[in-house]
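Read through the structure below, which is laid out as structure tokens, and then see the notes.
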Amino acid sequence: MSKQEVILCEELESSLAHAIGKCPHDKLFILTDEHTHRLCLPQLQNVSALKEATEIVIGAEDVHKTLETLASVWQALSEQGATRHSLLVNLGGGMVTDLGGFAASTFKRGIAYINIPTTLLAMVDAAVGGKTGINFNGLKNEIGVFAPAASVLLETELLRSLDAHNFFSGYAEMLKHGLISMPQHLNELLAFDTEKIDYAALKAMVGRSVQIKEDIVEEDPQEHGIRKALNLGHTVGHAFESLALAENRPVLHGYAVAWGLVCELYLSYIKVGFPKERMRQTVQFIKENYGGFAINCTQYERLYELMKHDKKNTAGIINFTLLKEVGNICLNQTTDKDTIFEMFDFYRECMGI
Ligand code: GLY
């Protein structure tokens, strides 16, 4: 898998013109969802290369991350004359960059694409690292391929219009990057004033956060080893997310990851000696900024079953990434059911649920 170029933009228009110029193509397409078509595309009106681009617009939000939407993108590419030498620009959140990346990397066995993520979650995680895909058969990201974008352009000015929930959803992935990397980065994340956001400081932190992910992906693009570090918080987080969806009280991905981090830091403390004070400090930040997802003990079995079906497992054994300390990663950890239930007790107790 070739390395993708990730640019922290000084000015999106010139970065995009440059990125398009580096991808020789016969026809240009731009994929947006209903929201980014209305709110973000107009901000690119001065990019002359885009003036000739064919627009493809899909429905917004995760409910549209489907085979039907994917087929509609393939159909638009096919009917509007895309060839193997065409280029697709994906402008949107993780749903658009995941689905658009998958459409591009499968159309005529693969055309080049550029990601312009518009949410914090997509900037620090979804749009970077070459994972593409769609939901299928009720399962998130069930079908997809590893296929890196030619370029990923990060324009943090777009974050000024992000609502608080979507801000915190992306921030959870940044906390994860802090936990798996180094104490200084985690400290700055925990100390950041999320009520009065300093966008220049946020831009610098996004740059550091993405670099942490890029370094890991470069070492292990297809998740055979160290890339599993990026799954911290996700084994339990995905179970919370699926339970919430099944109970018709959906939560944003990053919120589920934040609650998953609380649980998996507890396991890290119990199993491999993660420092208690660090756990307390991180849990406190999550409690204050994310609240808690209400569960009771009758739901532990369901959550356990959901965790057993996670696609990161091998032979039905639940696989965790844990931490001995900040930046000291223990891959492929397992534990018994009683400890998992204790972990849920801890989660409820410290989140006051
Ligand atoms: N979202 C985790 C990864 O890209 O591996």
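The values are calculated or read from the model by the stated rules, or taken from the named source; none is laboratory data. If you're wondering where the values come from, they're calculated on a predicted model, not measured in any experiment. Note that each Cβ is placed from the backbone with ideal geometry, even for glycine, and that neighbours are counted across all protein chains shown. Heads up: the accessible areas ignore ligands, DNA and RNA and are worked out on the full protein's heavy atoms, side chains in. Shrake-Rupley method; radii C 1.70, N 1.55, O 1.52, S 1.80 Å.
When the chain is fully extended, how far beyond the present Cα-Cα distance does residue 84 get from residue 312, taking 0.36 nm per residue of separation?
Details: separation 228, 0.36 × 228 = 82.08 nm, distance 3.27 nm.
Separation in residues times 0.36 nm, less the Cα-Cα distance, equals 78.8 nm.
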Under a crude label model (7 Å from the Cα following the beta-carbon direction), how far is residue 22 from residue 341 in nanometres? 5.4 nm
May I ask you to give the solvent-accessible area per residue for segment 231-293, in square angstrom, as obtained with a 1.4 angstrom probe? 35 Å²
Carbon and sulfur %, accessible surface of the chain computed with the full protein complex present, 1.4 Å: 50 percent
At 0.36 nm per residue, minus the direct Cα-Cα distance, what do residue 331 and residue 200 gain on full extension? Give it in nm, one decimal, please. 43.7 nm
Heavy-atom accessible area of residue 287 with all protein chains present, probe 1.4 Å, nearest 10 Å²? 80 Å²
The chain: C-alpha gyration tensor shape, a/c 1.5 cut-off, then a/b vs b/c: prolate
Segment 5-60 - percent relative contact order, Cα under 8 Å, separation 6 or more: 43 percent
Hits in segment 135-175: amide N under 15 Å from the 7 Å Cα→Cβ extension of residue 246, namely 138-140
Order the following by accessible area, largest value first: 309, 177, 165. Probe radius 1.4 Å; ligands, DNA and RNA are ignored. 309, 165, 177
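Can you give me the accessible area per residue for segment 76-207, using a 1.4 Å probe, in Å²?
35 Å²
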Under a Cβ-only charge scheme (Lys and Arg +1, Asp and Glu -1), can you give me the dipole magnitude of the chain about the Cα centre, in debye to the nearest 20? 560 debye
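Is there a pair in 3/228; 3/271; 131/196; 131/213; 140/196; 27/140 whose C-alpha atoms are over 24 Å apart, and which pairs would that be? Intermediate results must be reported in sequence, preceding the final value.
On the way: 3/228 18 Å; 3/271 35 Å; 131/196 33 Å; 131/213 12 Å; 140/196 34 Å; 27/140 31 Å.
Check vs 24 Å cut-off fails for 3/271; 131/196; 140/196; 27/140.
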Inter-label distance, nm, simple model (7 Å from Cα along the C-beta direction), residue 66/residue 218: 4.1 nm
Which residue, chosen from 209, 138, 251, occupies the Cα position most advanced towards the positive end of the dipole of the chain, where the dipole is computed from +1 (Lys, Arg) and -1 (Asp, Glu) charges on Cβ about the Cα centre? 138
If I build a Gaussian network model for the chain, linking alpha-carbon pairs within less than 10 angstrom, which residue out of 47, 128, 96 has the largest mean-square fluctuation? 47
